[in-house]
Amino acid sequence: MVEQRGARGIEPERGIEPERGIEPERGIEPERGIESSAGHEPNGRPGWRRAETAVRTHARRRRLTTFPALVAVLALALQACSASGATPAVSPAATPVASSPTAVATAPATAEVTPSTGPSSAPPSASTGPEASASGAPSSSQSGSIAASASPSLSAGFSGPPATVRLALDWTPNTDHTGFYVARDKGWYADAGINLQLIPYTSTAPETLLAAGQADCGISFQDSLTFAVAAGAPIESVMAILQRPASAIAVLASSNITRPRDLDGKTYGGFGYPADDPTIKVVIRHDGGTGNFKDVTLNGSAYEALYNKQVDFTIVFTAWEGIEAQDRGIQLRYFKKTDYGFPPYYEVLLACNTNWLAKNPDVARRFVGATVQGFQFAAQNPDAAAAILIKENPGVFDSDPKLPLESARFLAQGGYYVNSAGLVGPQTLEQWTGFSSFLYREGLLTDVNGKPLTSPPDYSKLFTNDFLPGGP
């Protein structure tokens, strides 16, 4: 049985092995001078920060290092549930909440990712510093029919007994979660008759908890959810939190790497995530390179390795590590994947267990409606939203109190929380097909038995807009 460190109160069903804590891979020692990192310390869980000066690492890069383990855990969870014919019991150490997380849609994603046959005369983008601009055109179709307004109408004065919704967080509180805390603070969950229980992140991915029935909803990402569903997990995205990518390939601005093809022969400080290498190769080849580079798995140490010139590039979440680096006086140059033949995708999602959705459609609509309202507030009032995030999580941001505010402004001003029509939450089939089909074509999607899929999944089954305000 794999040790579940810090999983206070969350008891996996017998036979379901939660994934191990996130550490540099066994046998890979960070080079001297590279600090091991550990992100924000979870509330009440001392010891997560391995070094006082360690760089905080965003959830997208840290927890996704465990995806081979996640697929195996999902398989065990599904097999255990199938054998028992029941959902595992759970008594999460959840934080009771009575309140509610968004980006601008880019042009419709194409179903193919094809590198150009030759180099272009100049790189489409090689920006320095975190970007705060949004661009793109509206997508032409989406699953379901929605008419979400800028201010969703909730069930005012809901008179029935409150319904409990268990929400699994993907990391310690950050600006991907702001809308949840805003909706709690404003009383919008309570108005909708929702008693939200936040399940703090431990070492188990939300997709694993959702597959095992130990959470009703959770934070996910387009690639994470696609992997999980391919492996048989009963999960579906119900809203986009960040509508477009906020991560980018990063190099030191002082380096001689000025465009992606310059990455040929260089060293990537990676995270062991299966989609990273194929993604980087597409970007390099689209700029006329060969796509050949070295990959050293460093997990959270990758950022310090880049800053100390021990690796040449890594992938940075510009709304968090990008801001941290800038605050430290470290100038980075970014290559956005979508500028180099890569389809747009949803960076952060709210996903739910499909069985729970089928049994609780009204509860789900009220929960999603209040959540959308919370993120709309964050999109329109970043300073006030950041203040609420900080207030709701005392002590979490003490080491860098400016970071939540700067990140909130970055996401709001860049339009990451809303689509091109200014709406929070909607998703399109084009955007889901573009990136998820890339994962399939690269042979990265495996079934419940760990075998590569022989036919593409039904991408329309990965998401729904039915629970958004104005949905059917």
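The values are calculated or read from the model by the stated rules, or taken from the named source; none is laboratory data. Values in this document were obtained by computation on a predicted structure and should not be read as measured data. Counting neighbours? That spans all protein chains shown, and the Cβs are built from the backbone with ideal geometry, glycine included.
A compact table of results
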item	result
Single residue of the range 326-346 satisfying the filter (of a type outside the set (Ser, Thr, Tyr) and crowded, with 23+ Cβ neighbours inside 10 Å) that is farthest from residue 278 (Cα to Cα)	332
When residues of the range 363-378 are limited to those that are farther than 14 Å from residue 466 by Cα and not aromatic (Phe, Trp, Tyr), the one surrounded by the most Cβ atoms within 10 Å (Cβ to Cβ)	371
Residues that are at positive phi and surrounded by 21 or more Cβ atoms within 10 Å (Cβ to Cβ), drawn from the range 421-459	425
Qualifying residue in the range 283-303 (condition: in contact with a His (Cβ under 6 Å, 6 or more places away or on another chain) and among the aromatic types (Phe, Trp, Tyr))	no
Only one of 393, 381, 353, 360 that is at pLDDT 95 or above, of a type outside the set (Asp, Glu) and buried (at least 24 other Cβ atoms within 10 Å of the Cβ)	353
Filter pass, residue 351 being within 25 Å of residue 471 (Cα to Cα), small (Gly, Ala, Ser) and in contact with a strand residue (DSSP E or B) (Cβ under 9 Å, 6 or more places away or on another chain)	yes
Residues that are out of contact with any helix residue (DSSP H, G or I) (no Cβ under 6 Å at 6 or more places or on another chain) and crowded, with 23+ Cβ neighbours inside 10 Å, drawn from the range 248-264	248, 249, 250, 251
Meets criteria (small (Gly, Ala, Ser) and in contact with a helix residue (DSSP H, G or I) (Cβ under 8 Å, 6 or more places away or on another chain)) for residue 291	yes
Filtered residue count, the range 191-229, keeping only those that are of a type outside the set (Val, Ile, Thr), closer than 23 Å to residue 243 by Cβ and assigned to a helix (DSSP H, G or I)	9
Lone unmet requirement of (1) farther than 20 Å from residue 234 by Cα; (2) surrounded by 19 or more Cβ atoms within 10 Å (Cβ to Cβ) for residue 462	(1)
